[in-house]
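Novice: First the structure, which I've put down as structure tokens, then a few questions once you've had a look.
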Amino acid sequence: MMNNNVFKIFVYGSLRSGFKHPAYEYISKYFTLIGDARVKGKLYDMGSYPAAIPTDEPSFIIGELYQQRNHDEFSWAMEQLDDYEGINPDDGEQPLYIRATTTVYITDNETATAWIYWFNGDVNDQPVIASGDVLQFIHQKSKL
């Protein structure tokens, strides 16, 4: 179900501002940072990328919430991000991520609805990123 009235996106990995990934330039061109936020879910370390899985448990993923600047460009902007996140794989392949709307917690009593990319694969036997914060996790890993 495509919810075409949602013009916000929640990012938790390489699209975050602190990650310094080239893809962030794209985000910053079409989206405005609202601020730090979190969603209910668990993060797993898949080696070269994080995997977010939704959960009903009191477990949160730390990230950033963005607002689309120009609603007329939304479909095009999201298509580019869908490509980046592997939403549209080659025929016969399963998409690596699926895009869905979720509740984003901006503060303890303020929420928003935003798009998120949930991992669409198997996380069995993968280590959980307990902090829910990919940047913090990578920083700690680099100190080892």
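Novice: Looking at the stretch 88-100, which of the residues that are part of a loop (DSSP other than H, G, I, E, B) and in contact with an Asp or Glu (Cβ under 8 Å, 6 or more places away or on another chain) is surrounded by the fewest Cβ atoms within 10 Å (Cβ to Cβ)? Quick ask: steps written out before the conclusion?
Specialist: From the stretch 88-100, those part of a loop (DSSP other than H, G, I, E, B) are 88-96; that's our starting set.
Add one more test, that the residue is in contact with an Asp or Glu (Cβ under 8 Å, 6 or more places away or on another chain), and what stays is 88, 96.
Values: Asn88: 10, Leu96: 16.
Filtering first and then ranking leaves Asn88.
Novice: Look at the stretch 52-87 and say how many of its residues are among the aliphatic types (A, V, I, L, M) and either part of a helix (DSSP H, G or I) or farther than 17 Å from Leu15 by Cβ (or both).
Specialist: Looking only at the stretch 52-87, we keep the residues that are among the aliphatic types (A, V, I, L, M), and these are 52-53, 61-62, 65, 77-78, 81, 87.
With either part of a helix (DSSP H, G or I) or farther than 17 Å from Leu15 by Cβ (or both) added as a condition, the list becomes 53, 77-78, 81.
Count: 4.
Novice: Can I ask one more? If you take the residues of the stretch 1-24 that are open to solvent by 60 Å² or more (accessible area, probe 1.4 Å) and of a type in the set (A, V, I, L, M), which of them is modelled with the lowest pLDDT?
Specialist: Met1
Novice: I need the full set of residues from the stretch 101-144 which are within 21 Å of Glu57 (Cβ to Cβ), of a type in the set (Gly, Ala, Ser) and open to solvent by 30 Å² or more (accessible area, probe 1.4 Å), in order please.
Specialist: Hits for the stretch 101-144 are Gly121, Ala130, Ser131.
Novice: Still on this structure: Would you mention how many residues in the stretch 122-135 are of a type outside the set (Ser, Thr, Tyr) and touching a residue at least 40 places away in the same chain (Cβ under 8 Å)? Can you show your working first?
Specialist: At the first step, the residues of the stretch 122-135 found to be of a type outside the set (Ser, Thr, Tyr) are 122-130, 132-135.
Subset that is touching a residue at least 40 places away in the same chain (Cβ under 8 Å): 123, 126-129, 132-135.
Final tally of qualifying residues: 9.
Novice: Let me confirm something: among Thr111, Thr107, which residue is at pLDDT 90 or above and of a type outside the set (Lys, Arg)? It would help to see each step written out before you state the result.
Specialist: On the way: Thr107 fails: at pLDDT 90 or above.
Just one listed residue meets the conditions, Thr111.
Novice: Right, next: State all residues of the stretch 68-86 that are over 14 Å from Tyr117 (Cα atoms), open to solvent by 50 Å² or more (accessible area, probe 1.4 Å) and touching a residue at least 60 places away in the same chain (Cβ under 8 Å); if no residue qualifies, say none.
Specialist: Let us first name the residues in the stretch 68-86 that are over 14 Å from Tyr117 (Cα atoms), namely 68-77.
Now restrict to residues that are open to solvent by 50 Å² or more (accessible area, probe 1.4 Å): 69-73, 75-76.
Residue satisfying the conditions is His71 alone.
Novice: Still on this structure, please answer the following. Mind checking which pairs have a first residue in the stretch 25-42 that is within 28 Å of Asp72 (Cβ to Cβ) and open to solvent by 30 Å² or more (accessible area, probe 1.4 Å) and a second that is in a strand (DSSP E or B) and acidic (Asp, Glu), Cβ under 7 Å, 6 or more apart or different chains?
Specialist: Leu33/Glu64; Asp36/Glu64
Novice: Just need a number here: residues in the stretch 14-51 that are of a type in the set (Asp, Glu), assigned to a helix (DSSP H, G or I) and under 17 Å from Ile138 (Cα atoms).
Specialist: Looking only at the stretch 14-51, we keep the residues that are of a type in the set (Asp, Glu), and these are 25, 36, 45.
Checking the rest, the ones that are also assigned to a helix (DSSP H, G or I) come to 25.
Among the residues that remain, those that are also under 17 Å from Ile138 (Cα atoms) are: none.
Count: 0.
The values are calculated or read from the model by the stated rules, or taken from the named source; none is laboratory data. If you're wondering where the values come from, they're calculated on a predicted model, not measured in any experiment. Ideal geometry is used to build each Cβ from the backbone, glycine not excepted, and the neighbour counts take in all protein chains shown. Just the protein is used for accessible areas: all its heavy atoms, side chains included, with ligands, DNA and RNA removed. Shrake-Rupley method; radii C 1.70, N 1.55, O 1.52, S 1.80 Å.
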